[in-house]
Every structure is written in C-alpha cells, then in structure tokens.
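The values are calculated or read from the model by the stated rules, or taken from the named source; none is laboratory data. Because the structure is a prediction, the values reported are computed rather than measured. Here the Cβ positions follow ideal geometry from the backbone for every residue, glycine too, while neighbour counts run over all protein chains shown.
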Amino acid sequence: MKKVLVASFLAAIACGPISSFGQSPAPAASDTPVAAPSVAAPAAPRSGLANISPAESDTLRAANQKAQKDPAVQAAAEKMRAARKAAADAIVAKDKSLAPLFDKIEAASAASQRVALTADERQQLNAGFDSIKGTPEADAFQKSNNDFRQVVRQAMIAADPSVAAILAKLPQPTVTHAGPGAPRPAASASATPQ
C-alpha cells in the first residue's frame, strides 16, 4: 500500500487527465531517478492492465479526457489537491528536511512536468508518509483520493457507457495508509481506473 499511497500522492499533484491507462513508469535502478506517475509519458504496461487491449485503453483514455471536464471531477480534484497539500504540510511539520523534496514535486507540478525522484528521495517520501499514518491529514488524503477515483469512474461511464465493461476488467486500486511500501491488496472484481 505504500507504493499505492506514494503513487497516488504524486499522481494527485498533476490531477490532470489520466491519459496513461495501461502504462506506468518502468522500474529504475536505485541510483537513477524514478519517474512518478505522469499523464505525459507512456511506458511499460502495468500488470493489472495487461488484460485490456490497446483499443480498450484508447477508449478509456478518451472517456477520461471527457470526464476531466465534468464539474464534479474538477471539484473532487480540487479537494484532493487540498488534502495532498495538508498531508505534505503535516509531513514537513514533522520533518523539515523534506521541504525541498516537496518543493521539487510542486515545481514539477506547476510546470506540468513529470516528477522524477531518486530512490533515496522516494525512500524519504515513504518515511514521511509513515510519519503521518493515522493522522487526520492522512485520512483526508486517503478519502479524497478514493472519492476522486470514484467520481472519475462515474463521469467516464456517463461520458461513454461502454467503458463500464472495460473498467470491470481492471483491478480496483484503493489508497489506504498501511503506509508507503506496504503490500498491495488482492485485486477485486470491480474496478476503478488508476
């Protein structure tokens, strides 16, 4: 769950269209930067999305782009951004040495660029999340992420009802705070896009 929480945190930075369905950053060596989830750069397929075709991925991408224009999605994204900021502030309040890391993440987000973190920076971010586990800020961030995913899913289905069958093929990610790096739960039958 740690990886899901950290990835969600970094994805929340962009809060833009999810145009990389079926794709994620390739694993990196420990001394090379690890790219955070990005809407800009396609990469190797994620294991949970291997059972959808490129055409289905394109259909999801198109429905997501339409969904991003939905006022409910935009409102949920804003709530998620606010919760992310509160979580980041709580982490920095516990460990001021992480402020430059969050500044780096924010600068990349403001410039609409991918956030590349070294293995050490990712480890520091994981430790930061561990430090706020169980706090109201962590709970609010978790809830806002799950709410955002659900609102996007509903808006995608409203934009193109055919995506419901595609989404049913995908594992349903959830953000919990078992903490960054904790084991990922088993995939369920219902699905929500990443």
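Within the range 37-71, restricting attention to residues that are hydroxyl-bearing (Ser, Thr, Tyr) and outside any loop (DSSP other than H, G, I, E, B), the residue that is modelled with the highest pLDDT is 59.
Whenever a residue of the range 98-125 is over 17 Å from residue 81 (Cβ atoms) and of a type in the set (D, E, K, R), its partners that are surrounded by 19 or more Cβ atoms within 10 Å (Cβ to Cβ) and modelled with pLDDT of 90 or more, lying with C-beta atoms within less than 9 angstrom and at least six residues away or across chains, give the pairs 121/101.
Yes or no: residue 75 surrounded by fewer than 19 Cβ atoms within 10 Å (Cβ to Cβ), part of a helix (DSSP H, G or I) and at pLDDT 95 or above? Yes: the conditions hold for residue 75. Find the residue count for the range 70-108, including only residues that are farther than 19 Å from residue 140 by Cα and of a type in the set (Val, Ile, Thr). Residues that pass the stated criteria total 1. Looking at the structure I just gave you, is residue 172 touching a Ser or Thr at 6+ places or on another chain (Cβ under 7 Å) and touching a residue at least 40 places away in the same chain (Cβ under 8 Å)? Spelling it out, it is not the case that residue 172 is touching a Ser or Thr at 6+ places or on another chain (Cβ under 7 Å) and touching a residue at least 40 places away in the same chain (Cβ under 8 Å).
For the range 97-110, indicate whether the set of residues that are charged (D, E, K, R) and within 18 Å of the chain's Cα centre (by Cα) is non-empty. The answer is yes, given that some residue of the range 97-110 is charged (D, E, K, R) and within 18 Å of the chain's Cα centre (by Cα). The helices (runs of 4 or more DSSP H) falling completely within the range 118-194 that include 3 or more residues that are at pLDDT 95 or above map to 136-159.
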